[in-house]
Amino acid sequence: KYREEVKKLFNYGVFEMLMKWKYKKAPNTDDAMKLLNWCDENNIEVRGHNLLWPGYKKINKAYKDARGIELRNAIIEHIRDYSRQFSGRLVAWDVINEAAYHHDVCDEVGKDILVEAFKIAREEDQRAMLAYNEFRILDWRNGTGDPHRQKFMDIVRYMQKNGAPISLAGLQSHISYPLTPARKVLELLDEVASLGLKIEITEFDISNVYDDAVHGQYTEDFMTAVFSHPSVVGFLMWGFWEGKHWRADRGGAMIRKDWTYRPAAHVYEDLLFNKWWTTENGSTDADGNYACKAFLGDYEITVEKDSKSVTSTMA
C-alpha cells in the first residue's frame, strides 16, 4: 500500500536515512541503491541527503573521536566516495546540512570544509544541483527564527565568496505553531532568492496542528505560496503516512495510519492533479498556431488533422 501511494502521489523523493554518513550501514550503500533503482523503475526522481552534517553527533560513529586532519581526511574521502557512487543519478545533493546549528565539526577541521565539500561534489557529479539544506527558515515563529536565518544567509555568502559551486537552497519547512502567514513565506523566499540561488522546499510537514480543517487550509496556503514563487523549483515532504512519520505523534502526517486521507491530503491531490494540472483543447488559427496558458510542468501534446495524429512531449 505504501508503494502504491508513493507512485500515485509523487514523482520526486528523498531518502530520510539511507544516504546519511551517520546511517548504521555506512559506507555500505546497498539499501540506498536498491531504493534508487526502484525509483528509477517508477519514474521517481531522487534528491540526495546528505553529504556532510557537520556535527559530531551527526557523523559516522567510527569517527566520533577523530580530530584535526584525520577527521578532515575522513570527511573528504566520504564526500568523494558518495558523490562518485551516485553520480548522474540524482537531481540534487544536500552537500551541507544544518551548518547554522551543527557546526562543531567545522570548528574542529576549519570552516573552509564547507567550501571544499561543494567543490568535491561538483568534481564527482556534474549533473546534480548542489544545495545547502537548513531548518527554521520558513518556520518563522513570529520572528524568533530570524537570527538562525541570518546565520544561514551568512554561511551561504561565505561559501559563495570562497568559490563554492552552490546552486540551490534547501529549506526544510517543518512548520508548527505559530503558522507563518503566506505573505511572510513569500517575503522570506524573496530574501533567500536574493542570494542568487534556486530554492527547494525539502522536508515539508505541519505538526502540532490537530484541527484537520486548519491543517488542510494551511497546506493549501503554503503550497500555493511556494509554487507561485519563481525561484522555487522543487517541493518534498518529510513523510506523508502516519504509520511511518517522524512526527506522527504530533499530527505531522497527511494520511492516517488506516490510509484514510486527512483534508491536507485531499488538498495536495486537488492542487497537483486538478487545479495545477493543465488540460486544454482547441483549434489552430489559419497559420497553424495555437496558444494557451499552462502551469509549469511536463506536457504531452497531440496534434490531429483529418485522420492523422502526432504526439510529442515538452517541458
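The values are calculated or read from the model by the stated rules, or taken from the named source; none is laboratory data. Everything numeric here is computed off the predicted structure, so don't read it as measured data. Backbone-built Cβ (ideal geometry, glycine too); neighbour counts: all protein chains shown. Accessible surface is based on the protein model in full, side chains and every heavy atom, while ligands, DNA and RNA are left aside. Shrake-Rupley method; radii C 1.70, N 1.55, O 1.52, S 1.80 Å.
Quick look at the values:
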quantity	calculated
Partners for Lys275 among lysines (Cα-Cα distance below 28 Å; same-chain residues under 8 apart left out)	Lys1, Lys7, Lys8, Lys184, Lys198, Lys257, Lys293
Sparse-neighbourhood loop sites, trypsin sites (Lys or Arg not before Pro) in segment 53-82 - DSSP loop, at most 16 other Cβ within 10 angstrom	Lys64, Arg67
Pairwise label distance in nanometres, Gln160 with Ser194, each label 7 Å out on the Cα-Cβ vector	1.0 nm
Electrostatic dipole magnitude of the chain [Cβ: Lys, Arg +1; Asp, Glu -1; Cα centre; debye, to 20]	900 debye
Which of Trp93, Trp246, Trp241 is most accessible, then next, and so on - probe 1.4 Å	Trp246, Trp241, Trp93
Test item: Cα-centred dipole of segment 1-118, Lys/Arg +1 and Asp/Glu -1 on Cβ, debye	340 debye
Tyr299-Ala286 pseudo-label distance in nm [points 7 Å out on the Cα-to-Cβ vector]	2.5 nm
Zero-based 5 Å bins, Cα pair distances in segment 1-43, whole percents	5, 21, 27, 22, 13, 10, 1
Segment 9-143, accessible area per residue, ligands and nucleic acids excluded (1.4 Å, Å²)	44 Å²
The chain, helix-only ellipticity at 222 nm - DSSP H runs n ≥ 4, -39,500 (n - 2.57), divided by all residues, nearest 500	-11000 deg cm²/dmol
Gained length - Gln150 relative to Lys8, 0.36 nm times residue gap less alpha-carbon distance	47.3 nm
Spherically averaged projected area of segment 223-281 from its Cα convex hull (nm²)	5.3 nm²
Cleavage-rule hits, chymotrypsin sites (Phe, Trp or Tyr not before Pro), segment 249-280, DSSP coil, Cβ neighbours within 10 Å at most 12	Trp277
Within-14-Å neighbourhood charge of Glu123 [Cβ basis; K, R +1; D, E -1]	0
Rounded, prolate or oblate (a/c below 1.5 giving rounded, otherwise prolate when a/b exceeds b/c) for segment 1-77 by Cα gyration tensor	prolate
Within segment 1-26: backbone nitrogen closer than 14 Å to the Ile44 label point (7 Å, Cα to C-beta)	1-18
From phi via Karplus (6.51, -1.76, 1.60), per-residue ³J(HN,Hα) for segment 196-208 in Hz, x at Gly/Pro	x, 9, 6, 10, 10, 7, 9, 8, 5, 7, 10, 10, 6
Calculated over segment 247-315: convex hull of Cα atoms, volume per residue (Å³)	139 Å³
Kirkwood Rh, Cα atoms: Rg over Rh of segment 35-108	1.05
Residue with peak Gaussian network fluctuation, the chain [Cα springs, cutoff 10 Å], from Met33, Met237, Met159	Met33
